[in-house]
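To start, the structure under review is shown below, and the notes come after it.
The values are calculated or read from the model by the stated rules, or taken from the named source; none is laboratory data. Remember, predicted model here, so these are calculated numbers, not experimental data. Here Cβ is always computed from backbone atoms with ideal geometry, including for glycine, and neighbour counts include all displayed protein chains.
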Amino acid sequence: MLPVSLGHIPPVSGAGHEADDGAAWFRPANVAAAKNTERRALIGWLAVFVFLGVVIALGHVWLRLKVVDLGYQLLTTRQLIEKLAQEQHELTIEMATLDAPSRLEEGARVRLGMGRPERGQEATLP
């Protein structure tokens, strides 16, 4: 992109140039307006880059917060899985204890008053 001050170069004629006029072709007619326009363009581009920087920074912060949040969720889930695995192990041991034949026989004898069948009390089912 060419600066606005260099945008217009008038043709140079051969004779009659004074020492001041050597750089006059290089300056636009309204130097203040050209500088103001260049300054506005620079401020505009600067604003765009600052805005993009802020958006990128906010995106980075949001992403880091999301990673930390997911880390906490993962930790909580792992702790829950470990707790449930321990509970399953304890329940498996309790179920094996309650299903033991000696425990069932003792419960039937003590709580229900049952005993071993004598000869002739047994029946075979088809």
### Query
Taking segment 14-56, which residues are out of contact with any Ser or Thr (no Cβ under 8 Å at 6 or more places or on another chain), at pLDDT 55 or above and among the small types (Gly, Ala, Ser)?
Gly22, Ala23, Ala24, Ala29, Ala32, Ala33, Ala41, Gly44, Ala47, Gly53
### Message
So the check is Cβ under 6 Å with 6+ separation or different chains; which pairs have a first residue in segment 99-123 that's without any contact (Cβ under 8 Å) to a residue 12 or more places away in the chain and a second one that's of a type in the set (Gly, Ala, Ser) and surrounded by 10 or more Cβ atoms within 10 Å (Cβ to Cβ)?
### Response
Met114/Ala108
